[in-house]
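A short write-up of the structure that comes next.
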Amino acid sequence: MNCIYNCEYCYLKGMYPSGNLVIFVNIEDIFAELEEILAKHDVYLCVSYDTDLMALEDLTGFVRAWNDFVRTHPGLRIEIRTKCGRTDLWDRLVPNENVIFSFTLSPEWIRKECEHGTAALRERIRCAAKAIETGFPVRLCFDPIIYCPDWQRQYDAMLDQVAGQIDMSQVWDVSVGSFRISQDYMKKLRRSQRDSAVVQFPFVNDGGVYHYPDRLMNEMEQHVVDRIREWIPEEKIFRWKE
């Protein structure tokens, strides 16, 4: 919903009442309002959370528009999150340290089972590596971590693949977090996806947020963090609840 991809666990499925793709074309109005805010203070803005702008770039041109806007507004830093694998964009964009490209990375088994239509893991890794080579800051997001019976083997294999193809010393930072979602969104997810193993898992409701039982959640997150420490310094690793 509102994204060309079809990830079973995506909160967008619980947020919107239909699957129509909506594009707001008044980006000039957004820039104008942002300039008013920037006149008062610096801004960190996530511009690609409710869709995947990289995947839609040929249709909208918004990634280039945002990149150009940031170049002339030094008080602004943006994050563009993606599950895209296209590498052709890097030849069209001028690198800027205030434009962070964040790549959601999942084991290929999880990708095939839950992230329908998204780029394969090897394609995302190649895309992230190319972005780093071009000069863009790249954040690697191992978030959400999704449970499966052999999750440790799946995530170990993925992390080894990532470290083997990306210069980890050049990674901007890393985020780690297991799957979690608000109870209202989960209610809609479970109603619309009755056969989804990831959605129907017996989660814990903690203050209105569904997540894995604490022991499993901490075990998965800590294992991924410990593995990432092999290549990334502690100060560049961020867990979601921190």
* Structure fact -> the range 1-125, convex hull of Cα, quarter of hull surface, nm² -> 8.2 nm²
* Just the number, please: Stokes-Einstein D of the range 30-86 in µm²/s, Kirkwood Rh from C-alpha pairs, 20 °C, 1.002 mPa s. => 178 µm²/s
* Cysteines having no other Cys beta carbon under 4.7 Å from their own, within the chain -> CYS3, CYS46, CYS84, CYS114, CYS127, CYS141, CYS148
* **5 Å-binned pair-distance histogram of the range 60-201 (Cα, whole percent)** => 2, 9, 17, 20, 17, 14, 11, 7, 3, 0
* Structure fact -> Beyond 26 Å (Cα-Cα) in this structure, taken from LYS13/LYS130; LYS83/LYS130; LYS83/LYS188, we find LYS13/LYS130
* Structure fact -> Highest GNM mean-square fluctuation among ILE145, ILE23, ILE232, for the chain with Cα springs under 10 Å, belongs to ILE23
* **Principal axis box of the range 1-67, alpha-carbon based, largest edge first, Å** => 40, 25, 16
* **Surface/4 of the Cα convex hull for the range 109-174, nm²** => 4.5 nm²
* Mind listing the Cα extents of the chain along all three principal axes, in Å, largest one first? -> 48, 42, 33
* Just need the Rg to Rh number for the range 135-242, please, alpha carbons only, Kirkwood Rh. => 1.01
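Throughout, read-outs are computed from the coordinates displayed, never taken from laboratory work. Only a predicted model underlies this, so the values are computations on that prediction, with no experimental measurement involved. Neighbour counts are summed over all protein chains in view; Cβ atoms, including those assigned to glycine, are modelled from backbone coordinates with ideal geometry.
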